[in-house]
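Every read-out reported here was derived from the displayed coordinates using simple, explicitly stated rules and does not represent laboratory data. What you see is a predicted model; the values in this text were computed from it and never measured. Cβ coordinates were reconstructed from backbone atoms using ideal geometry, including for glycine residues, and neighbour counts include every protein chain displayed.
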Amino acid sequence: MIAGLTGGIASGKSTVSRMFVALGARLVDADQVAREVVEPGTEGLEELTAAFGKDILQADGQLDRKKLGARVFGRSDQLAKLNAIVHPRVRARMAELTGEILEGDPRAVVLWDVPLLIEGGLVEQVDVCILVWVPEKVQLRRLMSRNGLSAEEAMARIRSQMPLDEKRRYADYVIDNSGDLAWTRQQVERVWQALCDRRTGA
């Protein structure tokens, strides 16, 4: 079974992901895979430098994510170019990792942790979609605190993503992460039990 986990910026998706892993889920992290496919020496990084120039590299040859991010933020044509290079490689590697896990344990619950699960169309490739949800005001407060942003900067980042309330329409399960950790854990355990029941046909 493949369960897709998604959320929004500063919704606490990583915290929820760790809770699922602690219960036995096998994690495939899209952000980690996205870093892997543009490591020095990869075709992905070669294509990025051809498209955006060698100044997106650090002195050690690693991708300078801040510089690349600044170049594509708010520019849909540049973002589309970036996504066309990175997304197919991420999908292929995620499929490969998932295949390896399920080959070793066909009954495993594979958790795809994907920020853009819905926007990127990957929601159609998972058996269930789990959304980590918080009210926008909580997102704003957490993002300002975590990243040291002004309210305007934080809101611009939040508004650049699909609203969490819109993502709810795609979700089989919604975890409200606006309370304390104990409350979040309780919801995660309930969803995990539902996934296990679903897997065994209970």
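Here are the numbers:
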| quantity | calculated |
| --- | --- |
| Overall form of region 26-89 per C-alpha gyration tensor (a/c, 1.5; a/b vs b/c) | oblate |
| Given the chain, longest segment not containing exposed loop trypsin sites (Lys or Arg not before Pro) (DSSP; at most 16 other Cβ within 10 Å) | 108-202 |
| Point-to-point label distance, Ser178-Arg18, nm (Cα→Cβ direction, 7 Å offset) | 2.3 |
| Among Gln78, Ile101, Ile56 - extreme Cα towards positive end, dipole of region 32-107, charges at beta-carbon | Gln78 |
| All lysines inside 25 Å of Lys66 as judged from Cα atoms, apart from same-chain residues fewer than 8 positions distant | Lys13, Lys54, Lys81 |
| Span-rule helices in the chain, defined as complete DSSP H runs reaching 27 Å or more along the axis (Cα) with Kyte mean at least -1.0 | 76-104, 181-200 |
| Cα-projected label distance for Thr200 with Leu102, points at 7 Å along beta-carbon direction, nm | 2.1 |
| Spatial extent of the chain: Rg and Dmax, with the Cα atoms as the point set, Å | 17.8, 55 |
| Normalised contact order of the chain, rounded percent, pairs of Cα under 8 Å and 6 or more residues apart | 36 |
| Computed over region 44-146: relative contact order in percent, which uses C-alpha pairs under 8 Å that are six or more apart | 14 |
